[in-house]
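Beneath this line is the structure, given in structure tokens, with notes to follow.
Bear in mind these aren't lab numbers, they're just calculated from the coordinates by the rules spelled out. Source: prediction; values computed, not measured. A quick note on method: Cβ atoms are made from the backbone with ideal geometry, for glycine too, and the neighbour counts reach across all protein chains shown.
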Amino acid sequence: MHLADGIVENPAWLIGANIVGAAAAVLVTRRVGAEGSRGVAFTGTLAAFVLAAQALNVPLVPGASAHVIGASLLTLAVGPARAVLALVAVLIVQALMFADGGVSALGINVLNIAVIPVLAVHVVHRLLGPKRLALTAVLGTVIGNALGASSLALTLVAGAGVPVVLAFGWLVGLQMLAGLVEGVLTALALRHLVKAAPGLLVAARPAPDLPMMIDGSDDRPRSRRVGLLWATLAIGLTCALLPLATDLPDALERVVERSRQ
């Protein structure tokens, strides 16, 4: 899903898609700025976990691998605005420090990996409500992956001349399968967080202005400490597993390779 430099050759499409992604990032940044510094530590820790988790590619189908995106976990944990901002930060670090995703395609990656998946999860959550977080995680991740992959496939078809069947077949199909796996894992993680740290997850609250528990106490400070602890442990575990990551190409790399044969 991380589009590299030099793949999209159509200047108009490259510039247009980058502008759309950049505009979305600016709007989100303004929204988060209006919310103040509440939850910054937890958001940053989750962003660090997503950065490590995205580096862990695992075999998905014969000849291709995949990695998590993290949009559903971030959206349901800290809200859509902070989720997009966290993913934008992850993408910038990946592009500048690890050459994972091109600098000239940064806005496109923001659109396909941050904005579209987060909005998909947010819409599903609004439709299903706070009591169906597990179902929201699964459906939202699958739909978000499918839409993000479709947007990327369209970019490859229009901007790089990749055949339609190859672009949509590989990208959308594999990303939906990856989204199903990630959605289930996210649902399990959210269920544990709800039990261990009630009040931590934004999506689990009945209303944004009602953080108080039934007995009148505010459980969020304790929940944040527990959440930070579990997120930090998750970062350590993911980093420990990085040497086991597969060298198989991901779906995007397979599409680019086959289109050039």
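Model label sites at Leu188 and Ala158, defined 7 Å from Cα along the beta-carbon direction, differ in position by 3.9 nm. Please give the FRET efficiency for Arg258 paired with Leu237, using the beta carbon to beta carbon distance and R0 = 41 Å, rounded to the nearest 0.05. FRET efficiency, Arg258 to Leu237: 0.75. Peptide packing for 11-19, 73-81 was compared via the average number of neighbouring C-beta atoms within 10 Å per residue; ordered from the highest value, the list is 73-81, 11-19. Here the calculated FRET efficiency for Val26 and Val103, from their Cβ-Cβ distance with R0 = 25 Å, stands at 0.90, rounded to the nearest 0.05. Taking θ as phi - 60° and the Karplus parameters 6.51, -1.76 and 1.60, the scalar couplings of segment 10-15 work out to 7, x, 4, 5, 4, 5 Hz in sequence order, x denoting glycine and proline. The peptide list 154-162, 234-242, put in order of mean Cβ contacts within 10 Å with the highest first, becomes 154-162, 234-242.
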